[in-house]
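The values are calculated or read from the model by the stated rules, or taken from the named source; none is laboratory data. Here the structure is a predicted model, which means the values were calculated and not measured. With ideal geometry, Cβ positions are generated from the backbone for all residues, glycine too; neighbour counts draw on all protein chains shown. The accessibility values were calculated without ligands, DNA or RNA, using every heavy atom of the protein model including side chains. Shrake-Rupley method; radii C 1.70, N 1.55, O 1.52, S 1.80 Å.
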Amino acid sequence: MKRKQMVARLFLIVLLLSFPAGCARPPVAKLDNARNVVDHAYASGAARYAPGEYQLASSALLAAEQQVRNGDYRKAERTLELVRRYASEALDITLQYKKQLAREQQRQAEEKRSEELRKERERELELELQRQAELKKLEEEKQAQAKSAAVKPAVKPATAKKPPDKPVKPKPVNEVEVRAGENLAQIAARPEVYADALLWPLIYKANRDQIKDPQEIFAGQVFVVPRDKSRDDIEQAREEARTLNLF
C-alpha cells in the first residue's frame, strides 16, 4: 500500500512538470524556504525514520531547481508546494517515531530502576538474616556458658546479677514494602518504621501519588517513610489518626 502511494506521488510530480510555464519572476524566496525545510527534515533524521517521504521531498526539490534554471517558474512554484508537503510529512513521521522511542527508553529506565530496587531489597534481607543468625549464635553460646557455670561449685559469694542485654533496636528505614494483609497503621507500627501506629498519616501524605484511599493499599507497593518531620508534625499526625479512627 505504501509503495503504491509513493508511485502515485511521483506520478503527480511528473504530471506537474508537464504544466506550461508562465510565471514572470523566479520564486527565489520559496525555493530558499523549500531548501531550508528539506535541510531541517534531514537534520531531524527524516532520511532514517521517514526515507520514502524524505526522498520524495528531495527529488521534488531537485526538479524545482532545474525548472527555475530552465525559466519554468510556474512549474517550479507547484513543485515547491510538493517539496514542502513531503518534507512536512517526513518531519511529522520522524517526530512521532522519536516520541515513541523516548517513551520506550523511559520504560526501560523505569524497569532498570525497579530491578535495582529489588536487588537492593534482597541484599538488605540477606544482611538482616545474617545479623539474626549471628544474634542466635551469640545467644546459644551464652546459654551454653550458663549451663557450664551451673554445674561448677560456687567459689565466690554471689554477686549482683548482670542486667540483661538491651534488645537490638532495628535500624530505621526510608522505604518500606507493603506485606500481604497490612494496612497503613500496621506499617507505621513496625519497629523499623515509626513503632507507632498513630503515625500512619505521615506515610499516607508522603505517598499520595500511590495511595488514593488510605484504606486501600496493596502488597508489593513500596512507600517512602519521611524522616524530616518536626515534633509538631508528629503530634498533628497522631491527632488526625485519633480523629479519623480508620484502623
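Which residue, of Pro153, Pro157, Pro172, is open to solvent by 70 Å² or more (accessible area, probe 1.4 Å) and at pLDDT 90 or above?
Of the residues listed, the single one that is open to solvent by 70 Å² or more (accessible area, probe 1.4 Å) and at pLDDT 90 or above is Pro172.
At pLDDT 90 or above, on the phi < 0 side of the Ramachandran plot, hydroxyl-bearing (Ser, Thr, Tyr) and touching an Asp or Glu at 6+ places or on another chain (Cβ under 8 Å): is that true of Tyr86 in this structure?
Judged against the criteria, Tyr86 is a match.
Within the range 93-130, restricting attention to residues that are in contact (Cβ under 8 Å) with a residue 12 or more places away in the chain and over 21 Å from the mean Cα position of the chain (by Cα), which residue is most open to solvent (accessible area, probe 1.4 Å)?
So the residue we want is Ile93.
In the range 221-233, which residues are in contact with a helix residue (DSSP H, G or I) (Cβ under 8 Å, 6 or more places away or on another chain), open to solvent by less than 60 Å² (accessible area, probe 1.4 Å) and assigned to a loop (DSSP other than H, G, I, E, B)?
Val225, Pro226
Go through the range 53-73 and report how many residues are of a type outside the set (A, V, I, L, M, F, W, C) and either over 19 Å from Leu91 (Cα atoms) or open to solvent by 80 Å² or more (accessible area, probe 1.4 Å) (or both).
Residues meeting the conditions: 9.
For the range 206-220, give me each residue that is surrounded by 15 or more Cβ atoms within 10 Å (Cβ to Cβ) and under 16 Å from Glu175 (Cβ atoms).
Matches in the range 206-220: Ala206, Asn207, Ile211, Ile217.
For residues that are assigned to a loop (DSSP other than H, G, I, E, B) and at pLDDT 50 or above, scanning just the range 1-52, find the one that is farthest from Asp92 (Cα to Cα).
Among them, the one singled out is Ala24.
Would you be able to tell me the number of residues in the range 182-205 that are without any contact (Cβ under 8 Å) to a residue 60 or more places away in the chain, within 28 Å of the chain's Cα centre (by Cα) and buried (at least 18 other Cβ atoms within 10 Å of the Cβ)?
8
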